[in-house]
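The values are calculated or read from the model by the stated rules, or taken from the named source; none is laboratory data. Quantities reported herein were computed from a predicted structural model and do not represent experimental measurements. Cβ coordinates were reconstructed from backbone atoms using ideal geometry, including for glycine residues, and neighbour counts include every protein chain displayed. Heavy atoms of the whole protein, side chains included, go into the accessibility calculation; ligands, DNA and RNA do not. Shrake-Rupley method; radii C 1.70, N 1.55, O 1.52, S 1.80 Å.
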Amino acid sequence: MISLTDSQKIGMGLTGFGVFFLFFGMVLFFDKALLAIGNILFVAGLSFVIGLERTFRFFFQKHKVKATGFFLGGIFVVLIGWPVIGMVLEIYGFFLLFRGFFPVVVGFIRRVPILGSILNLPGISSVVHKLNFLV
């Protein structure tokens, strides 16, 4: 079992609440207050989990400048009051930033008993296979 420091535990909680607020904000027709809180909690939680310096290095690598611009620009657009446009920008930036992790996540999910069998269904398996080639 992996041991977590206290700041990493706090970061996991902040990230979890951030994802919850983002999801809840989208369910409630892009409520800008909930989306803004979710964005702030998600980024703060990520900083707590991997550390401030590693977070900065992750977001500001040369090959991730475009993705970081879309992600942080989307957060800014949500904060100024245009939640739908901001979330579209954020989601696009999120997929550009984390596209290298998606094959690892899909491989992990395939090992989970019920979800793995769902991912191995003929239609879903071909879509997942195509998405892995886009990375």
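Lys pairs in the chain, Cα-Cα under 28 Å, at least 8 apart or on separate chains: how many?
Here the count comes out as 7.
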Per residue, the convex hull enclosing the Cα atoms of the chain spans a volume in Å³ of 133 Å³
Of F102, F71, F94, the one that fluctuates the most in a GNM where the chain has Cα springs shorter than 10 Å: F102
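From the helices alone, meaning DSSP H stretches of at least four residues, give me the mean residue ellipticity at 222 nm for the chain, per-run term -39500 (n - 2.57), in deg cm²/dmol to the nearest 500.
-26500 deg cm²/dmol
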Taking the chain as a Gaussian network, Cα atoms linked when under 10 Å apart, which of L119, L79, L46 shows the biggest mean-square fluctuation? L119
Go ahead and set up a Gaussian network model of the chain, Cα springs under 10 Å, then flag whichever of T68, T55, T15 fluctuates most. T55
Output row, site V19, 7 Å Cα→C-beta label point, backbone N cut-off 11 Å, window segment 82-97, residues none
Simple Cβ-charge dipole of the chain, Lys/Arg +1 and Asp/Glu -1, about Cα centre, in debye nearest 20: 440 debye
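Using a 1.4 Å probe on the protein heavy atoms, what percent of the accessible area of the chain belongs to carbon and sulfur?
Here carbon and sulfur together make up 77 percent of the probe-accessible area.
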Enumerate the calculated ³J(HN,Hα) couplings along segment 16-26 in order (Karplus 6.51 cos²θ - 1.76 cosθ + 1.60, θ = phi - 60°), each rounded to whole Hz, writing x wherever the residue is Gly or Pro. x, 5, x, 5, 4, 5, 4, 4, 5, x, 6
Just the accessible area for V19, please: 1.4 Å probe, Å², rounded to the nearest 10? 80 Å²
Measure nothing fancy, just the Cα-based angle from helix 122-134's long axis to the longest principal axis of the chain, in degrees from 0 to 90, nearest 10. 60 degrees
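Considering only protein heavy atoms, what per residue accessible area in square angstrom results for the chain with a 1.4 angstrom probe?
69 Å²
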